[in-house]
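Asker: Below you will find the structure I want to go over with you.
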Amino acid sequence: MDIEQKEDNIDFSSMLASTVHDMKGSLTMLLNTLDEIIVDTKNTNLNIYAQFSKLQYEAKRVNNNLIQLLTIYKMEKSQYNVNIEHYSVSDFLDEQILQSKSLFEFHNITVSLDCHSDLYWYFDRDLLSGVINNVINNIIRYTKDKFSLKAYVADNCLHIELHDNGRGYPKTFATTDSVSHKRVSFATGSTGLGLYFSSLVARAHRNKNETGSIMVNNNSEFGGGLFTIILP
Amino acid sequence: MELDLRNKKILLVDDFSEFRFSVKKMLQSGGAANIDDVSNGEDAIDRMSRKNYDIILCDYNLGQDKKDGQQILEEAKHRGFLKTSTLFIMVTAENTMDMVMGAIEYQPDDYMTKPFTKEVLNNRVSKLLEKKHVLKDIEKAVSREDYKRAIALCDAQLAANPKNAMELFRIKSDALLSLGQYDDAINILEKVLSSRDLPWARLGIGKIYFQKKNYIEAKEHFQEIIGNNKAYMEAYDWLSKTLVELGDQQSAQKTLEEAVALSPKAILRQRALGELALKNNDHDTAEKSFKKSVAMGKTSIYKSAKDYTGLAKTVMNAKKNPVDALTILKDAEKDFQLNPEVMMQTAAMEGVIYKKIGHEGKAKEAIDKASALMEEHGAKVSPDVAMDVAKSFFDVGETEKGQKVMHDIVQNNHDDEAILKKVQDAFDDANLKDVGKEMIASTKQEIIKINNEGVNLVKKGMLVEAIEVFDKAADGLPQNKIVNANAAQALIMIIQKNGKNDKYIYQCKKYLDRLRKIDPNYPKFQQLVKIFGELNAV
């Protein structure tokens, strides 16, 4: 009896939070160290450079998934508090590109950013960064050699587009309409989680009667995949 | 502006040495050469007290029962260790909202979430330095409480460059609020709200209605913020204050209980809850809250004797446990290293406890001690502390002693309705309603008479005589806003008339410094500072 009661008393959400906190500490060290090794070996030992770059990609995936899982969990339990503020969009996107700079270099991906420096918008920086980082990590894996980020305002909404020249998104979730998270299938693996997360984040952005959305299709300017997030 | 970290003095605070090492390398790759690093809050504060840092990167979570990043920021700002140009970045492991929730008065310049690469770090630091540079003069004016200049600078920047518009609107509306220009402040905030319902803007509007004593309207704004964003803690604090003004102490307490459940780390909120619960005779909640605020006070600049006296009072009232109550007071004396302001509160409370358990001799001893401390240091303590001691005097039946302290409070705050109301409440509680009414009325009269005497002399052009009257009055009433402001004004007038004179300038400065301490937001003080500055510049 006693033992059972104790087990009931474990607070899963705080256990999850503290475990994730702990794992993130390790991941931070892992990523920082990998970054240092990559810089040190880039011009001296191509073999190690290549291996560690692959490791870096995988570690980032783990980190992204961890953030997504914890955020989704907190959102579903209404424990996540969205913090919308006014930010410079170009500064924000610059930073997202910088975050993956060494991987772009390793894969010889040409990156371009098209965003007016005076463009400011309202969003939750942590949430949107989770979305963009995750899409970028997918693009690094699937694009051939191009990636472009575009941001502009249309119909009173901020549009952020991520174009690549890969094979495009699989038919199962490529759509020209905005994606409802109910239609996301997890059978397709981690991309399913990413889309689910992205649509949750988009929908957490509201202004007056409008709600954010995402679009996934193969209308990229380079003929590959195009991911768009639209925030009111 | 180029990012040049070479000459920047940088402090890293993180309990994880490997992380410090790796961030140090990142900053060095950006050119930084002058980097110190420490693992805990005590060392961080110690370093800041000895060196003027340009950039501080501080981890939020520094381990259990240790000062956290927010407490370090609060203490550093409070003790004046941060220049207005110092960049303070809070580093966190996860989403930052939990930290934002706890923050009340002081906020860092930015938050950064781990992990980040050296490119991101150096880019962010450079962008923030640039922004800090652009806003430098405005922040300086605000920190000198020269709100008029701050507003003029905000307007100039808003016209020239829309880049930091939200920040500028926020600073400008705060400055207008400090100057009492409520309608102008509301206009700006309404403009912000028309583009987006941002909680800080709505909070600003609610605060203005509160100042205007329009409590119903204020309440609606605070409730709307909470409805849209239940993590916006400041809205709970203001809603609770508003409900108290509306006479609904029960709902006010409930509001703070909800806030504390969401964000238990704010000491000021715990204390406010403890005090409300004490008034509502909810001893369980009061005890719980004061215990938490005492514990948090050990690492916080906001620690206060009130947490201990409040806890002692609950323990005494609810549990009839004088031994524990007295121990709590002894702890306070120890924790505050025999600070006289604290000692007068604890001694007075000791008197109350001894009286309750029938130790008349000890009760008298404690009360005499409190009384002597009040006699010696009374002029320097806040009306809050003085009132606390006076209430204890009433509690033990030392009516005369209590009245004397209250009289001093009224003398120094004769135009502050909120304080006068608290004084009257205390008299009511002590069954001295009419005595209190009479004392407040006659004391007000007394001050108004002296003040009018001076004002009449000014009107007759007898400035030297007027200064004499105000000088004498202000010396007896070091905390009275109006008298000190008039003293400064008469001095300014004589300088304007007869030209600069070292003695008058020196005197005038003294009164302005006093006013700054009493209430830097007092509109008349603002005007005087401005004129005085112009006079001195000539």
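The values are calculated or read from the model by the stated rules, or taken from the named source; none is laboratory data. These numbers were taken from a predicted model, which means no experiment stands behind them. Note that each Cβ is placed from the backbone with ideal geometry, even for glycine, and that neighbours are counted across all protein chains shown. To get the accessible areas, we keep the full protein, side chains included, count just its heavy atoms, and leave off ligands, DNA and RNA. Shrake-Rupley method; radii C 1.70, N 1.55, O 1.52, S 1.80 Å.
Asker: Scan region B:372-395 residue by residue and report those that are open to solvent by 30 Å² or more (accessible area, probe 1.4 Å) and not in a helix (DSSP H, G or I).
Answerer: Correct list: B:SER382 only.
Asker: Are any residues in region B:447-461 open to solvent by 50 Å² or more (accessible area, probe 1.4 Å) and under 14 Å from B:LEU420 (Cβ atoms), and if so, which ones?
Answerer: If the condition is that a residue be open to solvent by 50 Å² or more (accessible area, probe 1.4 Å) and under 14 Å from B:LEU420 (Cβ atoms), then B:ILE448 is the only one that fits.
Asker: OK, next. Which numbered condition in (1) more than 14 Å from chain A (Cβ to nearest Cβ); (2) under 26 Å from B:GLY80 (Cα atoms); (3) within 21 Å of the chain's Cα centre (by Cα); (4) crowded, with 19+ Cβ neighbours inside 10 Å is the only one that B:GLU139 fails?
Answerer: All conditions pass for B:GLU139, except number (4).
Asker: Report yes if A:LEU149 is more than 24 Å from A:THR28 (Cα to Cα) and more than 13 Å from chain B (Cβ to nearest Cβ), otherwise no.
Answerer: On the way: more than 24 Å from A:THR28 (Cα to Cα): yes; more than 13 Å from chain B (Cβ to nearest Cβ): yes.
Yes, satisfied.
Asker: Hey, can you tell me all the residues within region B:476-529 that are open to solvent by less than 10 Å² (accessible area, probe 1.4 Å), modelled with pLDDT of 85 or more and polar (S, T, N, Q)?
Answerer: B:ASN480, B:ASN484 - these are the residues of region B:476-529 that are open to solvent by less than 10 Å² (accessible area, probe 1.4 Å), modelled with pLDDT of 85 or more and polar (S, T, N, Q).
Asker: Look through B:LEU193, B:LEU177, B:LEU203, B:LEU153 and report the one residue that is modelled with pLDDT of 90 or more and under 29 Å from B:ASP513 (Cβ atoms).
Answerer: Details: B:LEU193 fails: under 29 Å from B:ASP513 (Cβ atoms); B:LEU177 fails: modelled with pLDDT of 90 or more; B:LEU203 fails: under 29 Å from B:ASP513 (Cβ atoms).
B:LEU153 is the lone residue from the list that is modelled with pLDDT of 90 or more and under 29 Å from B:ASP513 (Cβ atoms).
Asker: Then there is this: Please determine, by comparing only the residues of region B:98-132 that are under 23 Å from A:SER26 (Cβ atoms) and at pLDDT below 85, which one is farthest from the other protein chains (Cβ to nearest Cβ).
Answerer: Of everything passing the filter in region B:98-132, B:MET99 is farthest from the other protein chains (Cβ to nearest Cβ).
Asker: Restricting the search to region B:223-253, which residues are in contact with a Lys or Arg (Cβ under 6 Å, 6 or more places away or on another chain) and within 14 Å of chain A (Cβ to nearest Cβ)?
Answerer: B:ILE225
Asker: Taking the criterion of being touching a Leu at 6+ places or on another chain (Cβ under 7 Å) and polar (S, T, N, Q), would at least one residue in region B:509-521 satisfy it?
Answerer: For region B:509-521, residues touching a Leu at 6+ places or on another chain (Cβ under 7 Å) and polar (S, T, N, Q): absent.
Yes/no matrix, rows are residues, columns are (1) assigned by TED's automatic domain parsing to the domain that holds B:TYR522; (2) farther than 25 Å from B:PRO340 by Cβ; (3) modelled with pLDDT of 90 or more:
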{"position": "B:SER392", "(1), (2), (3)": "no, no, yes"}
{"position": "B:THR399", "(1), (2), (3)": "no, no, yes"}
{"position": "B:VAL423", "(1), (2), (3)": "no, no, yes"}
{"position": "B:THR443", "(1), (2), (3)": "no, yes, yes"}
{"position": "B:VAL455", "(1), (2), (3)": "yes, yes, yes"}
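Asker: Kindly establish whether B:LEU239 is among the aliphatic types (A, V, I, L, M) and within 21 Å of the chain's Cα centre (by Cα).
Answerer: Details: among the aliphatic types (A, V, I, L, M): yes; within 21 Å of the chain's Cα centre (by Cα): yes.
It is true that B:LEU239 is among the aliphatic types (A, V, I, L, M) and within 21 Å of the chain's Cα centre (by Cα).
Asker: Hey, does region A:122-139 have a residue that's open to solvent by 10 Å² or more (accessible area, probe 1.4 Å), assigned to a strand (DSSP E or B) and in contact (Cβ under 8 Å) with a residue 12 or more places away in the chain?
Answerer: yes
Asker: Okay, next question. When you go through (1) at pLDDT below 90; (2) more than 22 Å from the chain's Cα centre (by Cα) one by one for B:LYS313, which number turns out not to apply?
Answerer: Among (1) at pLDDT below 90; (2) more than 22 Å from the chain's Cα centre (by Cα), B:LYS313 violates only (1).
Asker: In this structure, does B:VAL464 turn out to be assigned by TED's automatic domain parsing to the domain that holds B:ILE505, open to solvent by 50 Å² or more (accessible area, probe 1.4 Å) and assigned to a helix (DSSP H, G or I)?
Answerer: Details: assigned by TED's automatic domain parsing to the domain that holds B:ILE505: yes; open to solvent by 50 Å² or more (accessible area, probe 1.4 Å): yes; assigned to a helix (DSSP H, G or I): yes.
It is true that B:VAL464 is assigned by TED's automatic domain parsing to the domain that holds B:ILE505, open to solvent by 50 Å² or more (accessible area, probe 1.4 Å) and assigned to a helix (DSSP H, G or I).
Asker: Which ones in region B:289-343 are of a type in the set (Lys, Arg), closer than 20 Å to B:GLU257 by Cβ and surrounded by fewer than 17 Cβ atoms within 10 Å (Cβ to Cβ)?
Answerer: Narrowing region B:289-343 to residues of a type in the set (Lys, Arg): B:291-292, B:298, B:303, B:306, B:313, B:319-320, B:330, B:334.
Narrowing further to those that are closer than 20 Å to B:GLU257 by Cβ: B:291-292, B:306, B:313.
Within region B:289-343, none qualify.
Asker: Okay, next question. Quick one: would you say B:GLU167 is of a type outside the set (Ser, Thr, Tyr), in contact (Cβ under 8 Å) with a residue 60 or more places away in the chain and either outside any helix (DSSP H, G or I) or not assigned by TED's automatic domain parsing to the domain that holds B:GLN526 (or both)?
Answerer: On the way: of a type outside the set (Ser, Thr, Tyr): yes; in contact (Cβ under 8 Å) with a residue 60 or more places away in the chain: no; either outside any helix (DSSP H, G or I) or not assigned by TED's automatic domain parsing to the domain that holds B:GLN526 (or both): yes.
For B:GLU167, the condition - of a type outside the set (Ser, Thr, Tyr), in contact (Cβ under 8 Å) with a residue 60 or more places away in the chain and either outside any helix (DSSP H, G or I) or not assigned by TED's automatic domain parsing to the domain that holds B:GLN526 (or both) - is not met.
Asker: Right, here's the next one. Could you pull out every one of the helices (runs of 4 or more DSSP H) wholly within region A:33-111 that has 1 or more residues that are open to solvent by less than 70 Å² (accessible area, probe 1.4 Å) and away from chain B (no Cβ under 13 Å)?
Answerer: Working: elements: A:46-76, A:89-99, A:101-106.
Here the list reads A:46-76, A:101-106.
Asker: What are the residues in region B:230-259 that are in contact with a helix residue (DSSP H, G or I) (Cβ under 6 Å, 6 or more places away or on another chain) and either aliphatic (A, V, I, L, M) or over 20 Å from B:GLY206 (Cβ atoms) (or both), if any?
Answerer: B:ALA231, B:MET233, B:ALA235, B:LEU239, B:LEU243, B:VAL244, B:LEU246, B:ALA252, B:LEU256, B:ALA259
Asker: Of the residues A:GLY225, A:GLY212, A:GLY189, A:GLY194, which is under 18 Å from the mean Cα position of the chain (by Cα), open to solvent by less than 10 Å² (accessible area, probe 1.4 Å) and at pLDDT below 90? Show your work before the answer.
Answerer: Details: A:GLY225 fails: at pLDDT below 90; A:GLY212 fails: at pLDDT below 90; A:GLY189 fails: open to solvent by less than 10 Å² (accessible area, probe 1.4 Å).
Exactly one residue qualifies, and that residue is A:GLY194.
Asker: Exactly one of these conditions fails for B:ALA235: (1) open to solvent by 10 Å² or more (accessible area, probe 1.4 Å); (2) not in a loop (DSSP other than H, G, I, E, B). Give me its number.
Answerer: Every listed condition holds for B:ALA235 apart from (1).
Asker: I need a count of the residues in region B:415-451 that are more than 21 Å from the chain's Cα centre (by Cα) and outside any helix (DSSP H, G or I).
Answerer: Final tally of qualifying residues: 3.
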